[in-house]
Amino acid sequence: MKNERLCRFSISMPATIARQLDALVHTKGYANRSQAVAELVRSRLVEHHQELGDREIAGTITLVYDHHKPHLQAALTDIQHDHHSVIVSTMHVHLDHHNCLEVLVVRGKGAVIRQIADELLAAKGVKHGRLTITTTGRDFET
């Protein structure tokens with residue numbers, strides 16, 4: 001992808017959407033519509049790659065749970081050890097006396113990452129969680 005040339009194309013959309021796009025360009029500080037549209041397309045492509053499951057993605061799995069819940073920490077640790085090859089790093093934060101926040105940085109095939117996130121989020125006692133995905137950077141040139 002190095003030295004990839006720009007590809008120009010035109011798009012048509014309702015004027016109300018174009019005005020909303022212009023507001024987004026202004027609010028987010030994009031240089032122009034093209035830059036904003038390219039970022040929107042990249043974001044959707046990252047999601048698409050995760051949905052396909054066979055592409056390498058990176059991301060975070062964030063969990064909030066009560067560490068006093070019996071057997072929960074052991075269950076979460078077991079799941080993480082089962083998938084150590086795709087968990088790059090973890091961070092554990094004590095939010096208060098009962099609640100913990102755990103963030104796992106992950107990198108691997110989209111389907112595997114989704115499966116790990118589903119296992120962790122389904123663990124009895126997890127109060128909230130979310131998988132956030134992004135690209136490894138190799139698929140996109142800026």
Q. Can you name the number of the only condition in (1) part of a loop (DSSP other than H, G, I, E, B); (2) among the polar types (S, T, N, Q); (3) surrounded by 17 or more Cβ atoms within 10 Å (Cβ to Cβ) that Gln73 fails?
A. (1)
Q) Would it be correct to say that Gly125 is of a type outside the set (A, V, I, L, M), outside the structural domain of Val37 (by TED's automatic domain parsing) and at negative phi? A) no
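Looking at Val37, Val25, Val46, which is the one that is in a helix (DSSP H, G or I), surrounded by 15 or more Cβ atoms within 10 Å (Cβ to Cβ) and in contact (Cβ under 8 Å) with a residue 60 or more places away in the chain? I'd like the intermediate steps shown before the answer.
Values: Val37 fails: in contact (Cβ under 8 Å) with a residue 60 or more places away in the chain; Val25 fails: in contact (Cβ under 8 Å) with a residue 60 or more places away in the chain.
After applying the criteria, what remains is Val46.
To keep it simple, each residue is scored yes or no on (1) more than 15 Å from the chain's Cα centre (by Cα); (2) among the charged types (D, E, K, R).
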position	(1), (2)
Val93	yes, no
His97	yes, no
Lys109	no, yes
Val112	no, no
Ile116	no, no
Leu121	no, no
Lys124	yes, yes
Thr132	no, no
Q. Among Ala74, Ala23, Ala18, Ala38, which is small (Gly, Ala, Ser) and under 24 Å from Ile133 (Cα atoms)?
A. Ala38
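The values are calculated or read from the model by the stated rules, or taken from the named source; none is laboratory data. A quick note: this is a predicted structure, and the numbers were derived from the prediction, not measured. FYI the Cβ positions are ideal-geometry reconstructions off the backbone, even for glycines, and counts take in every protein chain you see.
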